[in-house]
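Report on the following structure.
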Amino acid sequence: MVDNAKLAAIAGKFCLEGKVTDVCPLGEGFINDTFVVYTDNSQEPSYILQRKNHLIFTDVPAMMENIFKVTEHIKKKVSDPLRDTLTPVRTAEGKLYHNDADGNFWTVCLFIGGTRSYSVADTEELARQGGLGLGEFHRLVSDFTEPLTVVLKGFHDMRFRFSQWDAAVKADKAGRVASLKEEIGWIESRRQLMMEFCEKIEKGIFPVRVTHNDTKISNFLFNASDGSLLCAIDLDTLMSSTILNDVGDALRSYTNTGAEDDTDLDKVGMSFGMFKAYIGGYLSKMKDTLTGAELDALAFSGIYITYEQVLRFLMDYIDGDTYYKIAYPEHNLVRTRAQFKLLCSMEAQLDRMNAYVKSLTCPTLP
Ligand code: ADP
Ligand code: GN1
Ligand code: MG
């Protein structure tokens with residue numbers, strides 16, 4: 001752990017207003033280390049300081065360049081540019097990151113006050129706000145035309161995930177494969193179905209758009225005053241891909257009645273009410289932009305990305321827990337089981353999810 005004085009010194013490398021008075025950890029994400037920075041300008045937090053995981057994000061400068069370009073684009077279109085998207089802060093040398101003596105990459109952005117974030121959606125109104133927020137984000141970036149660097153190769157590419165998976169099962173680095181016959185079967189029994197969908201993506205059936213790629217609820221800020229959605233944050237995985245990745249990951253997060261890592265599987269499942277609320281919000285912004293192929297695949301996208309998440313958590317468990325931060329030894333296995341329960345619940349409700357999307361997009365005439 002980095003001590004407070006060191007963190008304050010790192011924050012001091014950036015062009016901050018005021019003198020740093022405190023830096024406190026914010027235990028949230030699975031990949032980066034996030035801190036809140038206080039200054040003598042305010043009682044409220046002023047900045048977010050992050051140590052980006054450079055073992056995962058191997059080109060932090062390119063990642064920050066993506067974030068800078070896209071947020072600049074968004075700022076030109078919104079009413080409150082300092083609240084309606086992230087604002088990266090540069091170092092005294094004019095860089096969007098600070099590379100310390102130990103090889104760590106640090107970044108700073110403005111803290112957006114008067115907001116709150118969630119790890120689970122507990123009301124349908126929150127889910128509807130989430131859908132509106134992702135729709136608004138996709139709308140804001142829809143005319144961003146500059147190329148974006150691929151920060152994580154193969155991120156939502158199932159063919160790539162299966163190549164990692166096959167290598168992990170073969171290597172069996174942590175010696176856990178023999179005890180995971182049932183769980184491995186969950187992945188294998190759906191491999192062909194998932195590859196068929198992946199082939200559709202590869203064939204270009206869905207348009208390539210600017211996407212967030214990590215749309216779980218904790219990566220959005222909501223206004224504390226009225227619960228309305230403010231903006232998308234955690235823009236590390238901004239890339240070009242199909243919006244189905246974003247909608248699918250959001251459905252995985254917002255519709256789950258339990259936690260992502262719930263140990264009580266009775267609590268886990270897809271709430272159809274939350275699905276309706278999320279998709280209703282999203283489509284109210286994006287219905288006229290999406291192609292028929294995208295609309296037809298919207299409901300399945302939740303299954304696709306939830307399956308990918310089961311695979312990724314299980315693969316990390318097989319690998320000996322090297323990717324995601326874990327809070328206890330079996331954490332990745334618990335996550336795998338909880339996400340699998342959610343997957344089964346989504347599979348059982350696919351027909352009615354599809355019917356609901358149809359009812360919103362092709363209303364029958366009276
Ligand atoms: P990670 O990459 O570790 O997931 P995030 O960027 O998602 O980190 O940030 C973790 C949490 O910190 C968010 O869920 C949110 O609560 C808070 N947060 C992040 N950025 C800001 C910001 N600019 N203003 C206010 N809160 C923020
Ligand atoms: C990670 O960084 P964070 O915690 O927002 C992961 C996502 C997973 C998510 C599961 C770069 O997101 O892909 O869906 O955990 N991010 C990366 O909660 O791998
Ligand atoms: Mg996050």
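Odds and ends about this structure:
- Subset of region 217-238 (residues that are near ligand 1 (Cβ under 10 Å from one of its atoms) and among the charged types (D, E, K, R)): Asp234, Asp236
- The test for being modelled with pLDDT of 95 or more and farther than 29 Å from Val208 by Cα does not hold for Asp246.
- Within region 213-231, the set of residues being within 16 Å of ligand 3 (Cβ to nearest atom), open to solvent by 10 Å² or more (accessible area, probe 1.4 Å) and not in a helix (DSSP H, G or I) comprises Asp214, Lys216, Leu221, Leu229, Leu230.
- Index of the failed condition, Phe35 passing every other in (1) of a type outside the set (D, E, K, R); (2) at pLDDT 95 or above; (3) away from ligand 2 (no atom under 16 Å from the Cβ): (3)
- The condition of being more than 15 Å from ligand 2 (Cβ to nearest atom), closer than 28 Å to Ala338 by Cα, in a helix (DSSP H, G or I) and open to solvent by 20 Å² or more (accessible area, probe 1.4 Å) does not hold for Lys285.
- Filter result (assigned to a loop (DSSP other than H, G, I, E, B), in contact (Cβ under 8 Å) with a residue 60 or more places away in the chain and open to solvent by less than 70 Å² (accessible area, probe 1.4 Å)) within region 165-212: Asp172, Ala174, Arg176, Arg190, Phe206, Pro207, His212
Matching residues to (1) in contact (Cβ under 8 Å) with a residue 12 or more places away in the chain; (2) open to solvent by less than 20 Å² (accessible area, probe 1.4 Å):
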| site | (1), (2) |
| --- | --- |
| Ala9 | no, no |
| Gly12 | no, no |
| Leu16 | yes, no |
| Leu26 | yes, no |
| Asn53 | yes, no |
| Ile67 | yes, yes |
| Lys76 | no, no |
| Pro81 | no, no |
| Tyr97 | yes, no |
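- Taken over region 32-66, the criterion of being under 16 Å from Leu86 (Cβ atoms), more than 17 Å from the chain's Cα centre (by Cα) and of a type in the set (Ser, Thr, Tyr) is satisfied by Ser46, Tyr47.
- Ile303 satisfies every condition listed in (1) within 27 Å of Asn32 (Cβ to Cβ); (2) within 16 Å of the chain's Cα centre (by Cα); (3) more than 13 Å from ligand 2 (Cβ to nearest atom); (4) open to solvent by less than 10 Å² (accessible area, probe 1.4 Å) except (1).
- Region 185-244: number of residues that are within 16 Å of the chain's Cα centre (by Cα) and of a type in the set (Asp, Glu): 3
- Among the candidates Asp316, Asp246, the residue that is assigned to a helix (DSSP H, G or I), in contact (Cβ under 8 Å) with a residue 12 or more places away in the chain and touching a strand residue (DSSP E or B) at 6+ places or on another chain (Cβ under 7 Å) is uniquely Asp246.
- Residues in region 103-146 that are assigned to a loop (DSSP other than H, G, I, E, B), open to solvent by 10 Å² or more (accessible area, probe 1.4 Å), more than 16 Å from Val70 (Cα to Cα) and in contact with a helix residue (DSSP H, G or I) (Cβ under 8 Å, 6 or more places away or on another chain): Ser117, Tyr118, Ser119, Val120.
- Selection within region 12-31: residues that are β-branched (Val, Ile, Thr) and within 28 Å of the chain's Cα centre (by Cα). The member of this set that is farthest from ligand 3 (Cβ to nearest atom) is Val23.
- Any hit, region 256-275, residues being crowded, with 16+ Cβ neighbours inside 10 Å, within 18 Å of Glu182 (Cβ to Cβ), more than 16 Å from ligand 1 (Cβ to nearest atom) and over 16 Å from the mean Cα position of the chain (by Cα): yes
- Of the residues screened, Tyr328 is not one that is crowded, with 22+ Cβ neighbours inside 10 Å and among the aromatic types (Phe, Trp, Tyr).
The values are calculated or read from the model by the stated rules, or taken from the named source; none is laboratory data. Owing to the predicted nature of the structure, the values given are computational and were not obtained by experimental measurement. With ideal geometry, Cβ positions are generated from the backbone for all residues, glycine too; neighbour counts draw on all protein chains shown. The protein model used for the area step is the full one, side chains on, heavy atoms only, and it has no ligands, DNA or RNA in it. Shrake-Rupley method; radii C 1.70, N 1.55, O 1.52, S 1.80 Å.
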